[in-house]
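Heads up, the thing below is written out as structure tokens.
No value in this document is a laboratory result; all are computed from the given coordinates. If you're wondering where the values come from, they're calculated on a predicted model, not measured in any experiment. With ideal geometry, Cβ positions are generated from the backbone for all residues, glycine too; neighbour counts draw on all protein chains shown.
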Amino acid sequence: MGVTVESCNPGNLALVAPLDINHNHLGTAFGGSLGAIATLAGYTLLWVRLAERDSHIVIRDSRIRYNHPVTGPIRALCLEPGEQTFATFMKCFREKGKARIRLRVVISENGRACVEFEGEFVAIA
């Protein structure tokens, strides 16, 4: 898939992948690649935030909308849901050894949200 980390900052994470190895028969991004990269962006953001803790991360549920074809390099941006939401997640993780959080990922091109992904991830100590 050729996925690389473009940026990893407090509050967001961006992954990129080339179109040339992730395209379908129409020359646009393959839906399976888009879904996998979006899932990986959410997983990676959570993995980075939990790096100091001994935890396992799994995806529990997800929903994806394919609004427009992606015709160039794939860029998946995961934004943290907000510091209060993340603080609640971490409190639950510390107290119960398990917590869940919903993360949103957008794959945009030319200012348009081509793909919108929302997934519920679970961290287990």
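So the values come out like this:
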{"item": "Antiparallel %, DSSP beta bridges [both residues in segment 4-124], to 5", "result": "100"}
{"item": "Between helix 31-49 and the chain: long-axis angle, C-alpha atoms, 0 to 90°, nearest 10", "result": "30"}
{"item": "Point-to-point label distance, ASN110-THR71, nm (Cα→Cβ direction, 7 Å offset)", "result": "0.5"}
{"item": "Ranked ILE59, ILE107, criterion: other C-beta atoms within 10 Å, fewest first", "result": "ILE59, ILE107"}
{"item": "Crossing angle, helix 83-96 versus the chain [Cα axis fit, 0-90 degrees, rounded to tens]", "result": "50"}
{"item": "Percentage relative contact order, the chain, counting C-alpha pairs under 8 Å, at least six apart", "result": "29"}
